[in-house]
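The values are calculated or read from the model by the stated rules, or taken from the named source; none is laboratory data. Owing to the predicted nature of the structure, the values given are computational and were not obtained by experimental measurement. Every residue, glycine among them, receives a Cβ derived from its backbone with ideal geometry; neighbour counts consider all protein chains shown. Side chains included, ligands, DNA and RNA excluded: accessible areas come from the protein's heavy atoms. Shrake-Rupley method; radii C 1.70, N 1.55, O 1.52, S 1.80 Å.
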Amino acid sequence: MKFHNAILGLFFSASLVANAADANKLKVEEKVEVNANAAQVWEKVNKFGDLGAWHPAVANTTIQSGAEAKVGTVRVLTLQDGGKITEELKAYDTNKKMFTYRIIEGVLPVSHYISTVQVTSLAPNKTLVTWVGHFQRKDLSATPAQGQDDAAAVNTITAVYRAGLDNLKKISE
């Protein structure tokens with residue numbers, strides 16, 4: 001019986017890995033030009049522990065473990081509607097004005113999500129902010145549930161990025 005259960009367990013695990021490998025790898029990249037100095041814009045976006053300072057969908061950000069700007073730090077975002085997203089800081093570079101994070105778990109219809117925000121100076125008072133994410137849909141099955149398909153994942157992340165970047169521009173100029 002133990003052998004039978006072990007074989008079933010291996011088969012089930014292999015099926016999950018196959019589903020994840022078969023699901024499309026998706027990407028969203030959104031940008032905004034801000035009429036402000038890059039250092040000032042970076043100062044608004046660089047606080048991993050306070051996404052709500054510039055993203056209107058975030059009601060509260062709490063550092064669950066770690067410390068501000070330290071790789072491995074985990075934050076919990078509480079959205080305006082009460083939903084929660086747990087994220088981990090994967091890279092942080094003040095000189096390059098960029099950070100990368102991944103979603104551990106949350107309400108968004110995505111999985112295997114990793115994203116980078118970067119602030120680039122274009123001129124003394126013109127800055128480009130780029131937000132790019134790579135991910136898969138949350139439902140990795142061959143026939144994903146409604147609202148868990150590729151289109152839902154891409155549309156949701158695009159809306160998240162646009163809302164944040166548009167608000168960043170508004171509060172920075």
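Would you mind checking which residues have amide H under 5 Å from S111's amide H? H placed 1.01 Å from N; only 5 or more apart, or other chain.
Long-range HN contacts for S111: Q136, R137, K138.
Would you mind getting the accessible area per residue of the range 85-173, heavy atoms of the protein chains only, 1.4 Å probe, in Å²?
47 Å²
May I ask you to give the percent of accessible area on the range 53-173 that is carbon plus sulfur, with a probe radius of 1.4 Å?
Roughly 54 percent of what the probe reaches on the range 53-173 is carbon or sulfur.
How large is ³J(HN,Hα) for each residue in the range 81-94, as worked out from phi by the Karplus curve 6.51 cos²θ - 1.76 cosθ + 1.60 (θ = phi - 60°), to whole Hz, x for Gly and Pro?
So the J values, rounded to whole Hz, are 8, x, x, 10, 9, 9, 10, 10, 6, 9, 8, 8, 9, 5.
Starting from the 7 Å offset along Cα-to-Cβ, what nm value, one decimal, do you get for the label separation of A69 and Q146?
A separation of 4.8 nm, rounded to one decimal place.
Can you give the accessible area of D166 in Å² (nearest 10), computed on protein heavy atoms with a 1.4 Å probe?
Here the residue's solvent-accessible area equals roughly 80 Å².
Any idea how far the Cα center of the range 111-173 sits from the one of the range 65-101, in Å?
15 Å
Taking the Cα centre as origin and putting +1 on Lys and Arg beta-carbons and -1 on Asp and Glu beta-carbons, what dipole magnitude results for the chain, to the nearest 20 debye?
With Lys and Arg at +1 and Asp and Glu at -1, about 280 debye.
How much length is gained if the chain between N37 and K126 is pulled fully straight, taking 0.36 nm per residue apart and subtracting their Cα-Cα distance, in nm to one decimal?
Full extension of this stretch gives 31.4 nm more.
Choose one answer from D139, D93, D149: the residue with the largest mean-square fluctuation in a GNM of the chain with alpha-carbon springs under 10 Å.
D93
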